[in-house]
1. In whole Å, what are the Cα extents of the range 52-171 along the three principal axes, biggest one first?
2. Taking the Cβ of each residue in 153, 209 as the centre, tally the other Cβ atoms inside 10 Å and list the residues starting with the fewest.
3. Taking the mean number of other Cβ atoms within 10 Å as a proxy for protection, how do you rank 189-198, 242-251 from highest to lowest?
4. Based on the Cβ-Cβ distance of residue 150 and residue 204, what FRET efficiency does E = 1/(1 + (r/R0)^6) give at R0 = 35 Å, to the nearest 0.05?
5. Put a dot 7 Å past each Cα toward the Cβ at residue 118 and residue 237; how far apart are the dots in nm?
6. Which entries in 76/110; 196/229; 110/157; 157/245; 163/237 show an alpha-carbon gap greater than 19 Å?
7. Going by C-beta contacts inside 10 Å, put 239, 117, 66 in order with the fewest on the left.
8. Direction-averaged shadow area of the convex hull around the Cα atoms of the range 128-179, nm²?
Amino acid sequence: MRKIILRVIAFYSLILAPAACSKNEDPLHEHSRFSINSTIYGATRVPALDSNGQGHFSEGDINTVFFQDTQNRLLKELSYTYGNTYYWSDFQLEDAIGKLNVSACYPPVKTDSPTVFYWDVTSQEVVTVDFLAAPPVEVTQGVTTDVVLKFNHLMHKLVVKLKATGTTITEKDLGEAKVSVSNFQSAAVIDLLKAKVQRASGTISQLEHTGIESIFILPPQPVGTIAIKVELNGRSKTFQLSECKVGSAFLTQLQSGKVFMLTISVSRNSFTITGQDIAPWGDQGEANGNITI
C-alpha cells in the first residue's frame, strides 16, 4: 500500500522565568508555535510526485488537519498552508484538555459533514481526483512535539497499458486507441475523521482516454458490471472486469489504496491481457485472459 508519512512537529517556545517564579504560572498561556514539516514517500497546487507516487509538499501547498477528542468528535478543522506560521493558540482548543486525536487529508476540503463526505472522481471542479487521508493518531496538547501521520490513497487506481506485438500494429496506432471504463459509481463516501471510504455512491458513469496508457482513478466498489472498452483502427472490444482472475478467483472488488494494471498486447486479431502490481499503491493481484476481436 502506498503510504505517505507526514511529520508534524510542534515547537514550543516558552519564556522561562527565574528559578523563584510562582507555582501558579501556567506555561500553556505562553505562545506555543505549531509548524508542519512533511515528507512524502511513495498528489491551491498539486504536490510534486514522481511516477511511483513519491514526492513532497512544497511551500504554498495546503492540507486540512482535523483535531478530535478521544471519542473522535470533531473539535477543530484547520486549513494548513506550508510556509505559514501557526501557534497552538490559533486553534482555540482551550477547552480540550489532555489527549486529542489528529487526522488530515489532501486535497484541502470544506464540509459540514466530515463523516459523510462525497468525493466525485468525475467532477470538473477538483484539482486532482486522487484523495489522500491519514487516520487519526493520539497526541497530548502542549506535550506532544512529534506527530507522524501516515497518508494512504483512498481511491482505486486502474491502469490500462497497450503494447504492440508483431508488425501489424504500430506505436502510432496505439497512440490513437481509445480506452474507456464504464458502469461505475462516480463518488466515494468518505469518513474524513477516520480516513476511510464507507461506500460508493453517485451516478453510473464513464471515463475515457486516448493513448498507449490510460489511468483511471475510481471510487472503491464492487466490480459488478464495470466494463473496459478498447477501440482501435475501426475495431472495438468490450470486456468485463469481473472476467479477470486474481490468482484462482475472479476479481470482485476494486479496493481502496490498490492498483490494478491491465497490459493489453495488441495484434491484428487479438488482445492478450495480463496484470502486474505497482508497489506504492499496493498490489491488487494478477489477471490473466485472452480476448480476440
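1. 71, 28, 23
2. 209, 153
3. Listed from highest to lowest mean packing, they are 189-198, 242-251.
4. On the way: r = 33 Å, r/R0 = 0.95.
For R0 = 35 Å, the calculated efficiency reads 0.60.
5. The modelled label-to-label distance comes out at 3.7 nm.
6. Numbers: 76/110 12 Å; 196/229 30 Å; 110/157 25 Å; 157/245 17 Å; 163/237 16 Å.
Table pairs above 19 Å Cα-Cα are 196/229; 110/157.
7. Least crowded to most crowded, the residues run 239, 117, 66.
8. Numbers: hull surface 26.2 nm².
Over every viewing direction, the Cα hull of the range 128-179 projects on average to 6.6 nm².
Taken together, the values in this text are just the output of simple stated rules run on the coordinates, not laboratory data. These numbers come from a predicted model, not from an experiment. A quick note on method: Cβ atoms are made from the backbone with ideal geometry, for glycine too, and the neighbour counts reach across all protein chains shown.
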